[in-house]
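Since the structure comes first, as structure tokens, the remarks are kept for the end.
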Amino acid sequence: MGIFSNLFGPKAPELHDLSVLHTDMHSHLIPGIDDGVETVEQSIAMIKGLMAFGYRRFITTPHILPGMYNNSAASIMPGLALVRQAIAAEGLGVTIEAAGEYYYDETFEEMAKEDDLLMFGGKRILFELPNMHEPQMLRHTVFALTCRGITPVLAHVERYPYLYEKGLSDVEELVNMGVEMQVNIGTFTGIYGPQLQKAAYQMIDAGLVSYLGSDLHGEKHLGYITRALHDKKFRQVLAKHEFKNKEL
Ligand SMILES: [Fe+2]
């Protein structure tokens, strides 16, 4: 019985909070500008809730979806300033910055060519895809971004079954093209279905996932994190895999 006998057995190491991640890089904590928190008081309550799981730094990512959430630096940065003031007033020992969660559509294809993208962690951009089909120009857009030194980070990759239904080769190809993948912590509860949960674990096991995110919109997502942390398999994944959250 060496140390290896413990790696996959019942004594495999587990973590009981998210402090190993340090930084959450996907959330909706700017009040009143998307379907996330509505007031600065809610924002502070959610930040305190996330702090209780061990997070100390936040990159919050309001939706950018022209026609529905017409956000840009002009709407996001004043909201960020309010949240920062409230954090200081409460004396919370956390830092917060803001980027955006870009929805992939034709407008995004155009926006991706411009210079005023909201980025984080150096030159990274968080984006999400349509749920039902892969956009025709996806790889082209990814290539154009990476040519400019920008790393596209795909939000909740497990939500796009068309990318992994026939195996992981499409996800692998995107990763090889320079896309970093993010999985939502809520997915590990099984609340979005067993298919997404299984895919999330498979992609992590295959070394394809760089980040975990809360994708917190409100109180219920704090509950999802609590539920995920009740799951032994998730606690083992936290201990075993090196996510890149803390490097941001
Ligand atoms: Fe989100």
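Nothing in this text is a laboratory measurement; each read-out follows from the coordinates by a stated rule. In this text the structure is predicted, and so the values were computed from the model without any measurement. Don't worry about glycine lacking a Cβ; one is built from the backbone with ideal geometry, like all the others, and counts go over all protein chains shown.
Compute the semi-axes of the equivalent ellipsoid of the chain, taking the square root of 5 times each eigenvalue of the Cα gyration tensor, and list them largest first in whole Å.
Here the semi-axes work out to 28, 25, 15 Å.
Provide the gained length on full extension for the span His217 to Met137, in nm with one decimal, where the gain is 0.36 nm per separating residue minus the Cα-Cα distance.
That pair, His217 and Met137, stretches by 25.9 nm at full extension.
For a quick check: with amide H placed at 1.01 Å from N, whose amide H comes under 5 Å from Gly213's, ignoring anything fewer than 5 positions away on the same chain?
Val183, Asn184, Ile185
Just rank Lys166, Lys233, fewest to most, by other beta-carbon atoms within 10 angstrom.
By the 10 Å Cβ count, ascending: Lys166, Lys233.
Helix-only estimate, please: 222 nm mean residue ellipticity of the chain, summing -39500 (n - 2.57) across DSSP H runs of length 4 or more and dividing by its residues, to the nearest 500.
Computed ellipticity for the chain at 222 nm equals -10500 deg cm²/dmol.
Which pairs break 20 Å Cα to Cα here: Lys198/Lys240; Lys11/Lys220; Lys123/Lys240; Lys11/Lys244; Lys48/Lys220; Lys123/Lys198?
Over 20 Å apart, Cα to Cα: Lys11/Lys220; Lys123/Lys240; Lys11/Lys244; Lys123/Lys198.
What relative contact order, as a whole-number percentage, does the chain give when Cα pairs under 8 Å and 6 or more residues apart are counted?
23 percent
Name the long-range amide H neighbours of Leu126: under 5 Å, sequence gap of 5 or more, or other chain; modelled H, no Pro or chain starts.
Here the answer is Gly100, Tyr102, Val153, since their amide H atoms fall under 5 Å of that of Leu126.
Amide H neighbours of Thr60 under 5 Å, at least 5 residues apart or on other chains, H built in the peptide plane: list them.
Glu97, Ala98, Ala99
Of the peptides 154-162, 223-231, 73-81, how do they stack up when ordered by the mean number of other Cβ atoms within 10 Å, highest first?
In descending order of packing, they fall as 154-162, 223-231, 73-81.
By how many nm would the segment from Lys240 to Ser72 lengthen if fully extended, with 0.36 nm per residue of separation less the alpha-carbon distance?
Between Lys240 and Ser72, full extension yields 56.8 nm more.
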